[in-house]
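See structure below.
The values are calculated or read from the model by the stated rules, or taken from the named source; none is laboratory data. Everything quoted here is computed from the prediction, not taken from an experiment. Virtual Cβ from ideal backbone geometry, glycine too; neighbours counted across all protein chains shown. To get the accessible areas, we keep the full protein, side chains included, count just its heavy atoms, and leave off ligands, DNA and RNA. Shrake-Rupley method; radii C 1.70, N 1.55, O 1.52, S 1.80 Å.
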Amino acid sequence: LLYLLHILRTQYRSKNDKPIIAWPQLSMIKEVLKFGGPTSLAMSGKVFTYSIMSYAVAGAGTIALAAHQVLMEVFFFFATIGDSISSTAQAYLPAVFTTGERKDRIEVMTRLLLISTLLGVVNSIGASIIPIFFAEAFTSSPEVAAAMRAMVPWMMGALGFHCSVVALEGMLFAAR
């Protein structure tokens, strides 16, 4: 990739003999890192956590790994609901932070946290229905289905907190 960028920079030039691709200035890099750095760090932390979780489960055998795979897919399907709360906070809270009074900001953030908490409870209950009642739709193995059902409380707990956690994450990103 670096070689390709080097070739594009040295071989291909615009009409006024400037490179088509130029290295970014340090000030531009700082500006991108100012916004993208915390977001990249948060995403890297999530990817690392999920990777370590999968690695740990892989050591528990194929039944645990199969159950984990299905439950992770269910988790990620329902996690998008919480992620939409984070996006909403990032989209609408900056206007409240810049124009509203402190009391208004606290009220909006409290409402958002309450809504996300209630949504997390509903979300976790909805997600638990799939492995409890429909595990056989994902596997023909009774052992895998039983392992999925045994892990439901953990998935419910993770999804229950997920909405609130990503809502708080959205609030933090919006406050920057």
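Taken over the stretch 106-176, the convex hull of the Cα atoms encloses 80 Å³ per residue.
Helix 2-11 sits at what angle to the longest principal axis of the chain, using alpha carbons and giving 0 to 90 degrees rounded to 10? In the chain, helix 2-11 runs at an angle near 30 degrees to the longest axis. Net charge in the neighbourhood of PRO94 (other residues with Cβ under 13 Å of its Cβ; Lys, Arg +1, Asp, Glu -1) is +2. The residues of the stretch 98-157 have, on average, 66 Å² of accessible surface per residue, using a 1.4 Å probe with all protein chains present.
Carbon and sulfur atoms: what percent of the 1.4 Å accessible area of the stretch 39-84 do they account for? Summing carbon and sulfur atoms, their accessible area is 76 percent of the total for the stretch 39-84.
What number comes out for the charge environment of LYS46, summing +1 per Lys or Arg and -1 per Asp or Glu over other residues with Cβ under 11 Å away?
-2
Across every direction, the projection of the convex hull enclosing the Cα atoms of the chain has a mean area of 15.6 nm².
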